[in-house]
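The values are calculated or read from the model by the stated rules, or taken from the named source; none is laboratory data. Computed from a prediction, not measured in an experiment: that's the story for all the values here. So basically every Cβ, Gly included, is an ideal-geometry build from the backbone, and we count neighbours across all protein chains shown.
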Amino acid sequence: MPTQFLGHSPLRAKLGAGTEVLLARLDAQGDPEAAGRLGLLLRDRGDAVGAEAAFRRSHDRGHLAGSVSLGKLLIEKGDLEGAEAAWRHADLGGSAEGALNLGTFLQVERADLSGGEAAWQRADDRGSPEGAFNLEVARESRGDLAGAEAAWRRADERGSADAGLNLGNLLYTRGDHEAAEAAWQRADERGSAGGAYGVGLRSQERGDLDTAEAAYRRADERGSGQGAASLGRILEQNGSLASAEALYRRAAERGSVEGAFNLGLILYKSGRLDEAEGAYRQAAAGGFAKAMFNLGVLRHERRDIQGKGCFPSGRRVGRARPHNAGARSFG
């Protein structure tokens, strides 16, 4: 479930040294937006006391963005009641971001699932892609797949990478692979690691290994364990064993059981049995059945080695196959 409270992005340094003076002058004249922007500048400088005072002035003057920022600051300092009041004020004034943060607050801090979902619905109605995305997560969690799909589609249309990814996952499991690929492509273009992995998967299924390799590289660069493992498999098949091993290690470090398993295979074949056992153990702990089998084979052969003084005979062990992009990423 999403737990991130959204505030305003930091003011950029390029606004210049005179910005604070100008904002302070406008704030003193009663400008609500200037007070809110001054609060952001002070917050980014680390002046939490000054920022809160500026946000309160903006809030008191009816500026909804100031109320949202005030709530963000208050939640960070542990003032739950104050944050809730600020976000409710913004929500009542019609702020999509206020409704979004209120919904997350109600879900996470108050365990008010229906209230949180209602707030996300208001954020969605006001055009928030994050509101639509959070709404579909809530609906999916209670089994309303039709409602979740509709919310995913709205969030996807508004540019949400996560929504595009999850919509693609849903369509793929339904068997609509072309529509799934299109959704993953949109997510990939928006910077999603899972979207890039999905594009790679579909390209590999079609036999377009060049496109698959490029997509898996993007997924790996964005931190995907699945992307690193799949890229490693392609490079291993091309004979680049050192590069494949490095990718499998990276995938294993990111929690990929396929990466850990394939790392174990490479280590096993090169005679590094202690390391291979560790990699197999990681994959087996993740529920990978072939790793459990290979771990048993390795233990048996190591007993033979200790008794006969020989190296492994090269017994055939299983290889992880590329699998579907069913793993979900919510933010």
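Considering every residue within the stretch 170-188, establish whether at least one is over 30 Å from L263 (Cα atoms), at pLDDT below 95 and of a type in the set (V, I, T).
Looking for residues that are over 30 Å from L263 (Cα atoms), at pLDDT below 95 and of a type in the set (V, I, T), one finds none in the stretch 170-188, hence no.
Take A86 and tell me if it is among the hydrophobic types (A, V, I, L, M, F, W, C), buried (at least 24 other Cβ atoms within 10 Å of the Cβ) and either within 21 Å of the chain's Cα centre (by Cα) or under 27 Å from A65 (Cβ atoms) (or both).
Values: among the hydrophobic types (A, V, I, L, M, F, W, C): yes; buried (at least 24 other Cβ atoms within 10 Å of the Cβ): yes; either within 21 Å of the chain's Cα centre (by Cα) or under 27 Å from A65 (Cβ atoms) (or both): yes.
Answer is yes for this residue.
So which residues in the stretch 210-234 are crowded, with 20+ Cβ neighbours inside 10 Å, of a type in the set (S, T, Y) and farther than 14 Å from A244 by Cβ, if there are any at all? Before the answer, list the steps.
Keep residues of the stretch 210-234 that are crowded, with 20+ Cβ neighbours inside 10 Å, which gives 212, 215-216, 218-220, 224-234.
Keeping just the survivors that are of a type in the set (S, T, Y) gives 216, 224, 230.
Within the stretch 210-234, S224 is the sole residue that qualifies.
Could you tell me which of the residues R142, R61, R57 is under 30 Å from Q29 (Cα atoms) and surrounded by fewer than 18 Cβ atoms within 10 Å (Cβ to Cβ)? Explain how you work it out, then say what you get.
Working: R142 fails: under 30 Å from Q29 (Cα atoms); R57 fails: surrounded by fewer than 18 Cβ atoms within 10 Å (Cβ to Cβ).
Result: R61 is the single residue among R142, R61, R57 that is under 30 Å from Q29 (Cα atoms) and surrounded by fewer than 18 Cβ atoms within 10 Å (Cβ to Cβ).
Under 7 Å between Cβ atoms, which residue pairs at least 6 apart in sequence (or on different chains) link something in the stretch 143-160 that is closer than 15 Å to A123 by Cβ with a partner that is surrounded by fewer than 15 Cβ atoms within 10 Å (Cβ to Cβ)?
Qualifying pairs under 7 Å: R158/G127.
Table: residues versus (1) touching a Ser or Thr at 6+ places or on another chain (Cβ under 8 Å); (2) at pLDDT 90 or above; (3) surrounded by fewer than 24 Cβ atoms within 10 Å (Cβ to Cβ).
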{"residue": "S240", "(1), (2), (3)": "no, yes, yes"}
{"residue": "S243", "(1), (2), (3)": "no, yes, yes"}
{"residue": "L247", "(1), (2), (3)": "no, yes, no"}
{"residue": "R254", "(1), (2), (3)": "yes, yes, yes"}
{"residue": "A260", "(1), (2), (3)": "no, yes, no"}
{"residue": "L273", "(1), (2), (3)": "no, no, yes"}
{"residue": "A285", "(1), (2), (3)": "no, no, yes"}
